[in-house]
Amino acid sequence: MRIALAADHAGYLLKDELAAWLREQDHEVTDLGTNGPGSVDYPEYGAKLGSFVGLGKAERGIAVCGSGIGISIAVNRNLECRCARVDDPLSATLAREHNDANVIALGARLIGPDMAKACVKAFLDTDFAGGRHGRRVDQLSRELQDSD
């Protein structure tokens, strides 16, 4: 699977660990930065990831910041993205199954690498259920387009 990752300075270590782990599983990984502890602005990296996934350059995205909140908001500014902030495998599964999330956000200051990997695995292994959930996801897209 083609997966893109992005993080701010608070999340880059977790992002790097996830990227290496995903490559070991033969995924095609694109790292959109940041790659060091120097302070950066999470909206910039969320926007990069949102654009990358929104343009279809990756099938899924993983965003990481200190809490996962700010970067998820930034990703969701892209109308083609549905980014869910997750803390555990169940929330990652439901984000895919019910909401057709194509990006997840993780809080590097809130969960460790093992839990993050469990979340990513659930996210990648789960299909969208469609049905009544498809109708609801379609409504989200319509409302966004109607507000333009």
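Where a number appears in this text, it was derived from the coordinates with a stated rule and is not lab data. Since we're looking at a predicted model, the values are computed, not measured. Cβ coordinates were reconstructed from backbone atoms using ideal geometry, including for glycine residues, and neighbour counts include every protein chain displayed.
Summary of computed values
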quantity: Failed condition for ILE111, given (1) surrounded by 15 or more Cβ atoms within 10 Å (Cβ to Cβ); (2) over 12 Å from the mean Cα position of the chain (by Cα); (3) in a helix (DSSP H, G or I); calculated: (3)
quantity: Matching residues, the stretch 66-85, being among the small types (Gly, Ala, Ser) and in contact (Cβ under 8 Å) with a residue 24 or more places away in the chain; calculated: GLY66, SER67, GLY68, GLY70, SER72, ALA74
quantity: Entirely in the stretch 1-82, the strands (runs of 3 or more DSSP E) that have 3 or more residues that are of a type in the set (A, V, I, L, M, F, W, C); calculated: 2-7, 60-65
quantity: Subset of the stretch 49-65 (residues that are surrounded by fewer than 18 Cβ atoms within 10 Å (Cβ to Cβ) and either touching a helix residue (DSSP H, G or I) at 6+ places or on another chain (Cβ under 9 Å) or in contact (Cβ under 8 Å) with a residue 40 or more places away in the chain (or both)); calculated: LYS57, GLU59
quantity: Subset of the stretch 86-103 that is buried (at least 18 other Cβ atoms within 10 Å of the Cβ) and either in contact (Cβ under 8 Å) with a residue 40 or more places away in the chain or outside any helix (DSSP H, G or I) (or both) - its residue that is farthest from the chain's Cα centre (by Cα); calculated: ASP100
quantity: Odd one out for SER39 among (1) surrounded by fewer than 22 Cβ atoms within 10 Å (Cβ to Cβ); (2) in contact with a helix residue (DSSP H, G or I) (Cβ under 7 Å, 6 or more places away or on another chain); (3) over 16 Å from LEU124 (Cβ atoms); calculated: (2)
